[in-house]
């Protein structure tokens with residue numbers, strides 16, 4: 001039988017392919033069987049055998065998948081170490097591009113956190129072979145993005161809502177320990193390339209003009225997930241956890257690369273919301289297309305751009321470690337003012353506060369507190385409120401103070417907000433309070449704001465007294481603007497604008513006074529403060545006027561109140577506590593209008609509303625006292641709603657306590673309301689006497 005030349009060549013080719021495939025399978029199966037039989041040393045000897053060098057070099061794209069598959073299945077530590085050694089040998093022998101392509105492809109499906117670390121050193125070895133002073137960044141970008149994306153996909157451990165020293169227990173949680181160890185391994189992976197860059201052995205070409213800055217931005221991404229959601233602990237005694245030590249290493253590396261950490265302020269986004277986050281599930285870490293070819297040049301540009309795009313969360317966590325945990329704080333140049341650092345980092349604070357995880361939220365509050373501590377009181381002008389971050393900060397803090405389950409975070413947020421208000425000047429505080437009174441609905445927070453309005457009004461009046469005394473030592477025409485503080489916003493008609501907003505009843509007499517109790521009580525106290533102060537000054541003015549008719553003018557006074565009265569002696573007709581920045585006078589017609597408005601919009605509707613509410617609750621208490629418990633023991637009229645969640649029903653005894661507590665609340669409001677009515681009547685009587 002004759003055989004054609006073409007058929008003979010075909011048979012030869014098929015035979016060669018079959019022999020090659022057999023060789024590939026044989027080497028892979030041999031290594032698999034040796035590892036499976038726990039013959040780790042023999043496996044390493046087999047792959048390092050000189051006769052297999054060519055097969056390893058040419059067939060790495062078939063050998064690596066076999067080893068990584070075995071790696072995912074292995075649980076024995078010695079087996080994992082052996083497989084890591086086998087992969088390192090392949091990385092040392094085979095072609096770098098082929099090795100990296102297979103590694104990056106395998107990373108897509110790699111699930112185990114523990115065994116994943118065994119892939120880092122082989123990738124590191126392969127990339128080290130390309131280190132040069134004119135290195136193409138393509139493979140490094142692919143590898144860096146793959147490692148970072150794998151970190152971002154990791155499941156976060158629970159923080160168990162722990163507070164204070166209890167959070168130290170998190171370090172003993174297996175999930176936290178695994179994440180901490182993995183984070184340390186990833187930092188060690190990047191450290192090799194960082195050291196080469198510091199020594200100028202590795203310099204990227206083409207699309208990366210500044211290798212140091214590129215590496216710093218890449219390391220910065222490690223401050224995102226999961227580090228943001230882990231506890232960074234250290235105390236004055238020197239006790240610190242693994243996450244703290246890892247974070248400290250990262251910051252030292254970044255600072256050595258860019259010298260000045262404040263340079264990264266340019267990466268902060270000052271938008272009202274975070275920049276659009278990367279969709280991990282969309283073409284996640286695509287380094288190879290379906291045919292196994294390299295990405296296009298545009299895709300390479302995307303890899304570089306992605307690594308250079310700093311995450312706002314990572315920036316926030318890095319600055320938290322620096323400013324709150326004092327990591328390498330000495331590297332921050334002293335030329336930057338505390339106010340500049342606070343205003344620059346405010347969007348980052350909002351980024352952390354917007355997280356639902358308690359540890360990230362707590363980092364945001366601590367970062368804000370550490371930045372604002374060194375700012376002088378009343379030094380931040382109203383112009384700084386042009387940044388939307390200030391209003392976003394208030395909104396986020398309100399949510400934390402009112403709805404967060406963690407008590408420590410709530411109290412920490414409240415403490416910071418009190419301090420924050422003292423750092424704004426009076427114009428800025430006025431502008432902020434005006435916004436909050438119109439935008440917030442939580443009665444407790446509104447009560448806090450109204451109380452702050454009263455305190456700022458009192459401070460403004462005291463500063464007026466000091467300013468009037470201080471100005472006596474200056475010549476006429478001398479500029480006092482740098483010495484006398486601004487206080488006009490909390491006096492005069494601008495103050496009454498806030499008072500009207502504070503005293504507004506959203507539903508008139510049908511307002512739920514039990515729900516709005518905190519706001520109503522604070523508003524009544526504010527009105528009472530103004531009425532009593534107005535009455536006292538009217539009476540003192542009347543006494544001073546009568547005294548001046550028979551005695552010499554007062555030349556020295558013993559207290560601020562006397563000084564305050566002396567400043568008003570010029571014109572009895574201009575008698576107002578809130579009129580101008582140069583004099584403290586009361587305007588009787590305007591004061592009468594304010595009292596009439598408050599009686600119409602606040603006092604009278606509140607009297608009717610409280611009477612209706614009290615009668616309703618008294619009737620309910622009577623029904624509860626006379627009725628017998630439900631037969632089934634489950635059907636109750638009362639429901640307790642907390643954050644839109646209905647709590648289980650109350651038994652009759654608890655219902656009675658709730659109703660009795662509500663009646664006590666109404667009694668308290670009625671007492672303050674009666675005191676306000678008395679003060680208003682007394683003020684009107686004083687006006688009448690002075691008019692005569």
- Message: What FRET efficiency comes out for residue 175 versus residue 459 if R0 is 41 angstrom and r is the Cβ-Cβ distance? Round to the nearest 0.05.
- Response: 0.25
- Mind ranking 376-384, 136-144, 443-451 by how tightly packed they are, going by the mean number of other C-beta atoms within 10 angstrom, highest first? 136-144, 443-451, 376-384
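How long are the semi-axes of the equivalent ellipsoid of the stretch 17-111, taking √(5λ) for every eigenvalue λ of the Cα gyration tensor, in whole Å from largest down?
Working: eigenvalues 69, 55, 31 Å².
For the stretch 17-111, the semi-axes come out at 19, 17, 12 Å.
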- Between residue 625 and residue 131, with labels modelled 7 Å along Cα→Cβ, what's the label distance in nm to one decimal, could you check? 8.6 nm
- Query: How many angstrom lie between the C-alpha centres of the stretch 84-108 and the stretch 200-258?
  - Reply: 26 Å
- Using the number of other C-beta atoms within 10 angstrom as an exposure proxy, rank 90, 192 with the fewest first. 192, 90
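In what sequence, highest mean first, do 534-541, 505-512 appear when ranked by Cβ atoms within 10 angstrom? List each step's numbers first, then the result.
Numbers: 534-541: 19.4, 505-512: 13.9.
Top of the packing list down: 534-541, 505-512.
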- Message: What is the distance in Å between the Cα centroid of the stretch 506-547 and that of the stretch 141-175?
- Response: 53 Å
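How high is the FRET efficiency between residue 405 and residue 547 when r is their beta carbon distance and R₀ equals 51 Å, given to the nearest 0.05? Present the calculation step by step, with values, prior to reporting the outcome.
Values: r = 61 Å, r/R0 = 1.19.
So the FRET efficiency works out to roughly 0.25.
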- Message: Could you sort the peptides 165-173, 207-215 by per-residue average Cβ neighbour count (10 Å cutoff), highest mean leading?
- Response: 207-215, 165-173
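Can you give the FRET efficiency to the nearest 0.05 for residue 191 and residue 306, using r as the Cβ-Cβ distance and R₀ = 22 Å? Intermediate results must be reported in sequence, preceding the final value.
Working: r = 21 Å, r/R0 = 0.97.
FRET efficiency, residue 191 to residue 306: 0.55.
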- Message: At 0.36 nm per residue, and after removing the present C-alpha to C-alpha distance, how many nm does the segment from residue 42 to residue 29 gain when stretched out fully?
- Response: 3.3 nm
- Global form of the stretch 121-254, assessed from the alpha-carbon gyration tensor, a/c cut-off 1.5: prolate
- Message: Place a point 7 Å from the Cα of residue 494 along the Cα-to-Cβ direction; which residues of the stretch 372-398 have their backbone N under 11 Å from it?
- Response: 382
- Message: Quick check: residue separation of residue 386 and residue 72 times 0.36 nm, minus the Cα distance between them. What number comes out in nm?
- Response: 107.6 nm
- Message: Give me the percent relative contact order of the stretch 17-111, please, defined on Cα pairs under 8 angstrom at least 6 residues apart.
- Response: 32 percent
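Where a number appears in this text, it was derived from the coordinates with a stated rule and is not lab data. Nothing here was measured: the structure is a model prediction, and the numbers come from that model. Quick reminder, even Gly has a Cβ in these numbers, built from the backbone with ideal geometry, and neighbours come from all protein chains shown.
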